[in-house]
Amino acid sequence: MFKLLILSSLFLVGAMAAPVDPLSNFFKDKSKIDRPFDLRDPFKAPQVKSEKNTSDKGFASSGKGNYSNIKEDAVKNLTELKLVGVLIGKERRALVNTGRSIVILREGARIGDDGAELKAIMPGGIILVEKIVNVYGQEEYLETVIPISK
């Protein structure tokens with residue numbers, strides 16, 4: 001019993017004397033780089049920065065060959081949405097007051113945090129379509145008609 005106690009105490013003292021992290025002091029004498037594990041992997045291609053937005057040039061490209069000088073702002077909240085007017089013509093537009101500014105939207109634009117889509121712009125108002133999941137786990141589409149505010 002006494003031999004077992006002495007043997008276990010030797011293992012305990014030996015474990016305490018072991019260095020905590022052998023890799024922390026490995027590069028200390030071999031390299032001048034402070035933190036070599038924080039560097040980029042040299043065998044992977046560097047990440048490419050995203051393209052700059054062309055809206056600072058006075059126009060925005062909305063697709064391949066589609067350019068517009070109409071600034072498109074995102075509407076964050078549908079509850080503060082107030083339809084001021086509509087523009088009917090070749091390209092239909094809706095003028096929306098968000099409380100801070102007036103935003104020009106077109107058909108197909110995503111509105112709000114839930115991603116409601118502006119489906120149609122008519123002379124009397126706009127139609128928003130929103131995809132939701134009901135209590136049964138099925139996807140449903142909600143259509144909301146917003147008339148022009150007076």
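The values are calculated or read from the model by the stated rules, or taken from the named source; none is laboratory data. From a predicted model like this one, the values you see are computed outputs, not experimental measurements. So basically every Cβ, Gly included, is an ideal-geometry build from the backbone, and we count neighbours across all protein chains shown. For the accessible areas, the whole protein counts, side chains as well, though only heavy atoms, and no ligand, DNA or RNA atoms are used. Shrake-Rupley method; radii C 1.70, N 1.55, O 1.52, S 1.80 Å.
Couple of notes before you dig in:
- Count of the stretch 42-55 residues which are modelled with pLDDT under 75 and either farther than 30 Å from residue 66 by Cα or in contact with a Cys (Cβ under 7 Å, 6 or more places away or on another chain) (or both): 0
- Failed item, numbered, when residue 39 is tested on (1) modelled with pLDDT of 70 or more; (2) open to solvent by less than 70 Å² (accessible area, probe 1.4 Å): (2)
- Residue count for the stretch 77-116 under the criterion of being among the charged types (D, E, K, R), in contact with a Ser or Thr (Cβ under 8 Å, 6 or more places away or on another chain) and part of a strand (DSSP E or B): the result is 1.
- Cβ-Cβ under 8 Å pairs, at least 6 apart or on other chains, the stretch 113-138 side farther than 26 Å from residue 88 by Cα, far side open to solvent by 100 Å² or more (accessible area, probe 1.4 Å) and in a strand (DSSP E or B): 131/139; 131/141; 132/139; 132/141; 133/139
- Qualifying residues in the stretch 83-124 (those that are in contact with a Gly (Cβ under 7 Å, 6 or more places away or on another chain) and over 21 Å from residue 69 (Cα atoms)) - the one least open to solvent (accessible area, probe 1.4 Å): 83
- Scanning the stretch 125-150 for residues that are surrounded by 11 or more Cβ atoms within 10 Å (Cβ to Cβ), in a loop (DSSP other than H, G, I, E, B) and not aliphatic (A, V, I, L, M) turns up just one, 149.
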